[in-house]
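Heads up, the thing below is written out as structure tokens.
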Amino acid sequence: MTEFIIKPIDITSGKNEVILNEDDATKMGFKNGDRLKIRQSEVSTVGMVETTKTVVNEGEIGIYKDILEKFAFELRAGVEVTAVGRPDSFYFIKEKMKSEKLSKDKIYSIVADAVAGNLSNLELAAFILAEEFVGLDMEEIGHLTKAMAETGQMIDFEETVFDKHSIGGVPGNKVTLLIVPIVASAGLLIPKTSSRAITSPAGTADTFEVLADVKFNIDELKELAKKVRGTIAWGGSLNLAPSDDIFIHRVEHGLGIDPLPQMMASIYSKKLATGVDFLVLDIPTLTRYYERGAKVRSVEEARTLARQFVELSDRIGIKTEAAITYGGQPVGHAIGPALEAREALQALEGLRPSASLIEKSCALAGVLIEMSGKATKGQGKQLAEEILNSGKALSKMKEIIEAQGGNPTIESQDVAIGNYKAELRSSSDGYIVRVDNKQIVKICNTAGTPRDKGAGILLHAKVGYKVKAGDLLLSIFSNSESRLSKAHAIALKNNPIVCEGMLIERISDLT
């Protein structure tokens, strides 16, 4: 055991690595990638060794900014450093790579070591890849879900909790901003915690942040829920299922994969952590061969997935109804944080900006109302529509906005969108036959979403619309002229909205 002085490294590394001077590493027998334990009083973590000749001096240990913040090391005090070997979880991961079934204790060990920083990014990647190519059975997924929840904060609201979740993949899906005030107006508790966008134009937290604060600790969230019966908060500020963020940010994004067992455990671990009792799970799917851009490619695939989610929910004690929904084009007409916030407010204000937004929101809210027993099966949607049309949902939304630090008098027309605008117009007469979700997302992100709250797309035509040459198909918004120019160029090149007439093709010369 040797004592070192901490040298802060002002870099967020996203991984548990520490830096030693090469001479110190040689004396202690460390090589790059070896593990060491850092201890200061009651605080300790494991780091992977990096070596340098210049960044730190002998007797110093370089510790990255995010590790210093996470473990609250005192900079003026030294740290004790000792060598440690590979944890048992390393060998459990190898077992799964060889297609062996993992016990509850082994899965808990892997998750606990991921949270503690005892596993390298390479070892975490091995586990995620094993999930992708070997898989987990339902019993293993159940253990993984519980382990991910129990290694983080758990919230007890001390009453029945309702929630809605979407597996994602469809842009413009701002239905949470209608569902929460509708369900809360029905007298149910719906403390919704949501994510931010990573690759999509807007996560629910990004959208609601246009209207109010979304960052709260657990005590604040419980107080908000008690006061107004509904919340729309960012789950990332609550330390719920922390291993999920580790798996996603350190591995899945880099590899471009999202294994089904991990996706299922990710969703339900956070529902367990927030004490959810009843959940409606939105599974958007494609319904026609020519549609593009949803995670689920067919209704049959959606049914199979729904059955798996329901089985998992039964194993962990959450009552779930899976709702298979249309995902062949964006929900509503607005895509991007401010544009979606504005469209949601318009719907609450009774302006009916989009039939698909209102239809989907009331259908999903109705399922939750039926699950609560406040409406009989088949009658929940009607009750949700009555709440929306009566203005009760708007009043509740204003209560939620005020409780979360926003302006309760805000109206849809007050929401600021991007200062710069470009347009895409139809080149021919015909009917809209496809809106390409992937291209819509690409254009929005190029325009600046989700960081630029005002960036995004407003669709003026969707599938089934009749258009004439020169008609406006979509408007692109941004607060950056250069980003807008690039986004417009992508729209012109990639044809995100396809218009066709009845004549598909002409063939006149076989030579």
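The values are calculated or read from the model by the stated rules, or taken from the named source; none is laboratory data. The structure presented is a predicted model; accordingly, all values stated were derived computationally and were not measured. Quick reminder, even Gly has a Cβ in these numbers, built from the backbone with ideal geometry, and neighbours come from all protein chains shown.
Residues are listed down the side, and each one gets a yes or a no for (1) modelled with pLDDT of 95 or more; (2) surrounded by 23 or more Cβ atoms within 10 Å (Cβ to Cβ):
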| site | (1), (2) |
| --- | --- |
| H249 | no, no |
| H253 | no, no |
| V299 | no, no |
| I318 | yes, no |
| Q329 | no, yes |
| A344 | yes, yes |
| E349 | yes, no |
| L357 | yes, yes |
| S361 | yes, yes |
* Criterion (out of contact with any Cys (no Cβ under 7 Å at 6 or more places or on another chain) and part of a strand (DSSP E or B)) met by exactly one of S508, S475, S485 -> S475
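In the range 470-488, which residues are without any contact (Cβ under 8 Å) to a residue 60 or more places away in the chain and under 19 Å from D452 (Cα atoms)? It would help to see each step written out before you state the result.
Going through the range 470-488, the residues without any contact (Cβ under 8 Å) to a residue 60 or more places away in the chain turn out to be 470-476, 482-483, 486.
If the condition is that a residue be without any contact (Cβ under 8 Å) to a residue 60 or more places away in the chain and under 19 Å from D452 (Cα atoms), then L474, S475, I476, S482, R483, K486 are the ones that fit.
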* **Pick from the range 9-34, criterion closer than 25 Å to A114 by Cβ, of a type outside the set (S, T, N, Q) and over 31 Å from the mean Cα position of the chain (by Cα), ranking: surrounded by the most Cβ atoms within 10 Å (Cβ to Cβ)** => L20
* How do the pairs read when you match residues in the range 225-242 that are free of Cβ contacts under 8 Å to residues at least 60 places away in the same chain with residues anywhere that are surrounded by fewer than 23 Cβ atoms within 10 Å (Cβ to Cβ) and of a type in the set (K, R), using Cβ under 6 Å and keeping only pairs 6 or more apart or on different chains? -> W234/K215; S237/K215
* Asked: Does P353 fit the bill of being within 21 Å of the chain's Cα centre (by Cα) and within 21 Å of S200 (Cβ to Cβ)?
  -> no
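Would you say K37 is surrounded by fewer than 21 Cβ atoms within 10 Å (Cβ to Cβ), assigned to a strand (DSSP E or B) and of a type in the set (D, E, K, R)? Please lay out each step first, then the result.
Numbers: surrounded by fewer than 21 Cβ atoms within 10 Å (Cβ to Cβ): yes; assigned to a strand (DSSP E or B): yes; of a type in the set (D, E, K, R): yes.
Spelling it out, K37 is indeed surrounded by fewer than 21 Cβ atoms within 10 Å (Cβ to Cβ), assigned to a strand (DSSP E or B) and of a type in the set (D, E, K, R).
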* To do: Could you check how many residues of the range 75-95 are without any contact (Cβ under 8 Å) to a residue 40 or more places away in the chain and of a type in the set (D, E)?
  => 2
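If you scan the range 198-232, which residues turn out to be aromatic (F, W, Y) and part of a loop (DSSP other than H, G, I, E, B)? Outline the logic, then answer.
Within the range 198-232, the subset aromatic (F, W, Y) is 208, 216.
Selection gives F216 alone.
Answer with yes or no whether E385 is touching a Cys at 6+ places or on another chain (Cβ under 6 Å) and more than 20 Å from P201 (Cα to Cα). Break it down stepwise before answering.
Numbers: touching a Cys at 6+ places or on another chain (Cβ under 6 Å): yes; more than 20 Å from P201 (Cα to Cα): yes.
Yes.
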* Here are some conditions: (1) within 20 Å of the chain's Cα centre (by Cα); (2) touching a residue at least 24 places away in the same chain (Cβ under 8 Å). G464 meets all but one. Which one does it not meet? -> (1)
* How do the helices (runs of 4 or more DSSP H) wholly within the range 240-353 filter down when requiring 2 or more residues that are under 29 Å from D113 (Cα atoms) and touching an Asp or Glu at 6+ places or on another chain (Cβ under 9 Å): which remain? -> 260-273, 299-316
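Of the residues that make up the range 253-271, is at least one of a type in the set (D, E, K, R), closer than 22 Å to K15 by Cα and out of contact with any strand residue (DSSP E or B) (no Cβ under 6 Å at 6 or more places or on another chain)? Outline the logic, then answer.
If we filter the range 253-271 for residues that are of a type in the set (D, E, K, R), which is where we start, we get 258, 270-271.
Now restrict to residues that are closer than 22 Å to K15 by Cα: 258.
Okay, now just the ones that are also out of contact with any strand residue (DSSP E or B) (no Cβ under 6 Å at 6 or more places or on another chain), so 258.
Among the residues of the range 253-271, at least one is of a type in the set (D, E, K, R), closer than 22 Å to K15 by Cα and out of contact with any strand residue (DSSP E or B) (no Cβ under 6 Å at 6 or more places or on another chain), which makes the answer yes.
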* List, please: which pairs have Cβ atoms under 8 Å, are six or more places apart or on different chains, and start with a residue in the range 280-299 that is in contact (Cβ under 8 Å) with a residue 60 or more places away in the chain and in the same structural domain as N494 (by TED's automatic domain parsing) and end with one that is among the hydrophobic types (A, V, I, L, M, F, W, C) and surrounded by fewer than 24 Cβ atoms within 10 Å (Cβ to Cβ)? -> none
